[in-house]
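Since every read-out is calculated from the coordinates, none of them should be taken as a lab result. These numbers come from a predicted model, not from an experiment. Here the Cβ is made from the backbone with ideal geometry for all residues, glycine too, and neighbour counts use every protein chain on show.
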Amino acid sequence: MTSWLTELAIDKVTQTPLLHLAFESLSSEELFDSAVDFIVAMFAETREVFDNPGPIKLLYDGLCRASSSLGALGTDPDIFRGIVRMYAEAEEAWVVLIAHEPEKYLFLVECIARCTEYNEDLDVTKITFNFWYELTQLITVEKHVLAKELFKETYARLVDTMIKHLHYPEGNDRSDIFKGDRVAEDKFRDFRHDMGDILKDCCRVVGGSLCLGKAYFEVHRKLEEQADGVNVRWQDIEAPLFSMRMMAREVDTDEENVVPEVMKMLVNLPKLDKIRYAATLVLERYTE
């Protein structure tokens, strides 16, 4: 059926028991992969959103009903990859509708935000990134200002999610962190820059000053903990510093509330080479 979908009218398919069967089959270990492929293929066939209101409603209702049980399935990484694929394909296919009717699709956006929080496999997390880019492109134009306002809270939480993902693994030296695996190290570096693009999207929706403030607060909190005698890892300071660097282009050059506080903080950071390096790059980005 998946291979035949391109030759069939999608509205005919979604009106058959096959649609219900596909979502029911997600609970079967043997059928899960085939069910995901079929559901994803149906979503893809509805990309012409204004031509397919009926199929989209049936598919959206099916996905919403299935969502309550999907959380219990998501403990296996391979299963979770399939779940993320479904949400990402649905949202990319319907992103125009999401911008047009944000209240109706808020539940779906919240689901993909939870998928983006996944930190067990970076490749799985990245599946969601293109949706955030496409949605940002739409809701930052004047006619979709209501969607922008509605999704601001979600994007604000997305900043926190990105900062968590930016943390280097445990260890103090390159040999400790990646066990000498240069491929894994390069992959993580590339992933960080991809997350930097998401942070810029967040700034465009929420505002550069607010996003920068979140990163500043995170570093400030860790410095206070360290002053109280808590053993703070260098990763906990370096990650939000890196996020500040990536946000710079979306922060107004006349921003006068957070940027001055960031500058004061940079000269009081722990004298650790990795933190000093990150702080130097932050300073360089904000010199303008």
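Cross-link list 187/264; 164/274; 104/143: which exceed 28 angstrom alpha carbon to alpha carbon? Beyond 28 Å: 187/264. Applying 0.36 nm per residue to the separation of residue 61 and residue 30 and subtracting their alpha-carbon distance, the gain on full extension is 8.8 nm.
Just to confirm a number: summing +1 for Lys and Arg and -1 for Asp and Glu over residues other than residue 92 whose beta-carbon lies under 9 angstrom from that of residue 92, what do you get? Once all neighbours under 9 Å are counted, the net charge is -2. Rounded to the nearest 10 degrees, what's the angle between the helix 234-247 long axis and the longest principal axis of the chain, both from Cα atoms, 0 to 90? Computed tilt is about 70 degrees.
Between residue 224 and residue 255, the contour length at 0.36 nm per residue exceeds the Cα-Cα span by 8.7 nm. Full extension of the segment from residue 20 to residue 49, taken as 0.36 nm per residue of separation minus the current Cα-Cα distance, would add 8.4 nm. Once both axes come from the Cα atoms, what is the angle between helix 208-227 and the longest principal axis of the chain, in degrees from 0 to 90, rounded to 10? Relative to the chain, helix 208-227 is tipped by roughly 60 degrees. If one takes the longest principal axis of the Cα atoms in the chain, at what angle in degrees, from 0 to 90 and to the nearest 10, does the Cα axis of helix 102-116 lie? That works out to roughly 60 degrees.
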